[in-house]
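Have a look at the structure below before the remarks.
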Amino acid sequence: MKKYRLFIFSFICSLVISSGFVKVLAQGYVNPIIPGFHPDPSICRVDSDYYLVTSTFEYFPGVPIFHSRDLINWEKIGHCLNRESQVDLNKVRCSGGIYAPTIRYHDGMFYMITTNVGKGNFIVYTKDPRGDWSEPVWLKQGGIDPSLCWVGDDCYMVSANQGHILLCRINPITGEQYGESREIWNGTGGRFPEAPHIYQKDGWFYLLLAEGGTQYGHMVTIGRSRNIDGPYHSNPSNPILTHINEPTKRHPIQGTGHADIVQAHDGTWWLVCLAFRPLVKRHHLLGRETFLAPVTWEEGAWPVVNRTGTIDLQMDVPTLPKQEKIEVEEFTDFNENKLGLEWNFLRNPVESNYSLQKHKGFLRLYASDVKLDDIDSPTFVAQRQRYINGEALTELQISKSGEDMKAGMTVFMNNLHHYDLSLIVENGKKYIELSARLGLIEHVCKRIEVNSGKVVFKVNSCKEYYTFYYSIDGKKFSELGKMDTTYLSSETTGTFTGVYWGLFAISPKPSLNTWVDFDRFEYRQYLK
């Protein structure tokens, strides 16, 4: 009987292989397409080039822009907001700052519209998305999550404002608004209708929304109208994307929502959205990431996302390339004249506190009296944690005159939630310290005295823990302790960002003699 079953199985496999179905079934890609803290994606296409932007909140530069030729492999090519004159983040609260950008292309110009919370909505524009973008063009219509849509030469702005979706006609270069804003739809009844985007197709205007709040109840809904200003009628099959009914134990992706749709140059339709990956006890810490799903959109019909209205980590669908899971290893030696695009600052940086020229081949950080606990801009430069299982490593040396100084590597969610691995100079002695800031609790987990002002720090990450190590010679590492990942999760902190690996320098008496040199930064992903 077993041999008979094996024969049947082999026969079926041979038929599948000979028919070419194996090639189709094996073709696909891996979600998320942009891992780590990259929420609120928006996408546009110019010929066969795709451009995508995401939110940055209190981090600077603001709004990274990515480029792709296949919708799957993305390269960060710059930031839309790379000057303080474009984005004022001075003492912006955690998860304040820049919300939900939209990128659009029209008549030779790229436009990015977004919200600086508490300050208003604005547009920047450019003819070259790899170059500098304009100064902000401020807009009258308020709310959040603004988007743009052209009908002929007329430009319309749509935004979400306290449960209502507002529409107005504007001049995107001057910011002038023509007429008053009007309500056009309030969604399907889910809380926090937001993230509106309008598309024209087959004589209809389709209005895409996110509803349910950007947590486990998140979903994507859609309505349509013959006129851009409504009335909009809801899709009977709403929501078109949600994981509300996908239990966490069964499905590794949750919180799907805040989407944007694009038609590929081969005529197919695709949707990008945010979602998160819970790790332990329904907690996630990488932030909301960018995912991709195929869309079926027949003429005159409603769009259908991935056939089921859900998405997966391994998307076994026909795509342009085939993508395999690979381990990632990145090395920064600080030999360039400026930091790479992967590095961010907290709020607008004090540029004089950072140098790649003072000691060639090193990143020199001058200590600041602003602490990591402050809602301000400490001497801090960081990149996103993008993988659940991985390792970050750095080598540092404190200045000989760096008395009363603390420098090192931090696993940072926000000013009230971070784990710090520090080299400290205090009363002529040097210490290595592992400490935690968890809300109102500050705790030194371990402190040891060392003789060297030069150390190598390493942090390993997995679902449950961060494990912290140090080495004096760079070869033999000693473990200092483990920290629970859930204390840095969005569910614990209540914020919209994700975890960063950060380098920092702090002193209550900063001067030109209180500095630390970082020799390198290594980041590895482990496939487990």
*Label-reachable residues, the range 203-219, where backbone N falls under 12 Å from a point 7 Å from THR248's Cα toward its Cβ*: 216-217
*Sum up the charges of everything whose Cβ sits under 10 Å from the Cβ of GLY498, counting Lys and Arg as +1 and Asp and Glu as -1, but leave GLY498 out.*
+2
*asked:* Given points 7 Å out from each Cα along the Cα-Cβ axis, report the ILE375 to ASP333 separation in nanometres with one decimal.
replied: 4.3 nm
*Over all directions, what mean area does the Cα convex hull of the range 246-391 project, stated in square nanometres?*
13.1 nm²
*Excluding ligands and nucleic acids, what accessible area in Å² is computed for SER377 using a 1.4 Å probe, to the nearest 10?*
10 Å²
_Computed label-point distance, nm, for sites THR174 and SER452 using a 7 Å Cα→Cβ extension_ = 6.5 nm
*For the range 29-132, fraction of C-alpha pairs farther apart than 25 Å, in %*: 17 percent
*the range 212-312 - charge dipole about Cα centre, Lys and Arg +1 at Cβ, Asp and Glu -1, debye rounded to 20*: 560 debye
*Pairs of lysines in the range 438-513 (C-alpha under 13 Å apart; 8 or more residues apart or interchain)*: 5
*asked:* Please report the accessible area of ILE170 (heavy atoms, 1.4 Å probe, ligands and nucleic acids excluded) in Å², nearest 10.
replied: 10 Å²
*Got a sec? What order do VAL280, VAL350 fall in by accessible area at 1.4 Å, biggest, i.e. largest, first?*
VAL350, VAL280
*What is the Cα radius of gyration of the range 385-475 over 2.2 N^0.38 Å, N being its residue count?*
1.10
*How many percent of the accessible area of the range 434-507 is carbon or sulfur, using a 1.4 Å probe?*
49 percent
*Rounded to the nearest 0.05, what FRET efficiency do CYS445 and LYS509 have when you use their Cβ-Cβ distance and R0 = 30 Å?*
0.70
*Where both partners of a DSSP beta bridge lie in the range 206-284, what percent of those bridges are antiparallel, to the nearest 5?*
100 percent
*May I ask you to derive the FRET efficiency for ILE472 and HIS164 from their Cβ-Cβ distance with R0 = 41 Å, giving the value to the nearest 0.05?*
0.10
*Charged-residue dipole, Cβ positions (Lys, Arg, Asp, Glu), the chain about Cα centre, Debye nearest 20*: 1560 debye
*Relative to the longest principal axis of the C-alpha atoms of the chain, give the angle of the C-alpha long axis of helix 2-19, reported between 0 and 90° and rounded to the nearest 10°.*
80 degrees
*Could you please put LEU52, LEU416 in sequence from largest to smallest accessible area, using a 1.4 Å probe?*
LEU416, LEU52
*Lys and Arg at +1, Asp and Glu at -1: add these up for the other residues within a Cβ distance under 13 Å of ASP154 and post the number.*
-3
*What length, rounded to one decimal in nm, is gained on full extension from THR308 through to ASP132, with 0.36 nm per residue of separation minus their alpha-carbon distance?*
59.3 nm
_Accessible surface, the chain, averaged per residue in Å² (probe 1.4 Å)_ = 43 Å²
_Suppose accessible area is computed on protein heavy atoms with a 1.4 Å probe; arrange LYS458, LYS119, LYS91, LYS509 from highest to lowest._
LYS509, LYS91, LYS119, LYS458
_Under 13 Å from the ASN427 label point (7 Å along Cα→beta-carbon), backbone N, the range 393-420_ = 404
*Taking 0.36 nm per residue of separation and subtracting the Cα-Cα distance, what length does fully extending GLN27 through LYS482 add?*
159.8 nm
*asked:* Run the numbers for TYR465 and ASP404: contour at 0.36 nm per residue of separation, minus the present Cα-Cα distance, in nm.
replied: 18.9 nm
*If R0 is 22 Å, what FRET efficiency do you get for SER355 and ASN82 from their C-beta distance, rounded to 0.05?*
0.75
*asked:* What percentages make up the Cα-Cα pair-distance distribution of the chain when the bins are 10 Å wide from 0?
replied: 4, 18, 27, 24, 15, 8, 3, 0, 0
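The values are calculated or read from the model by the stated rules, or taken from the named source; none is laboratory data. Everything numeric here is computed off the predicted structure, so don't read it as measured data. Heads up, the Cβs are rebuilt from the backbone with ideal geometry, glycines too, and the neighbour counts pull from every protein chain shown. Surface accessibility is based on the protein's heavy atoms, side chains included, excluding ligands, DNA and RNA. Shrake-Rupley method; radii C 1.70, N 1.55, O 1.52, S 1.80 Å.
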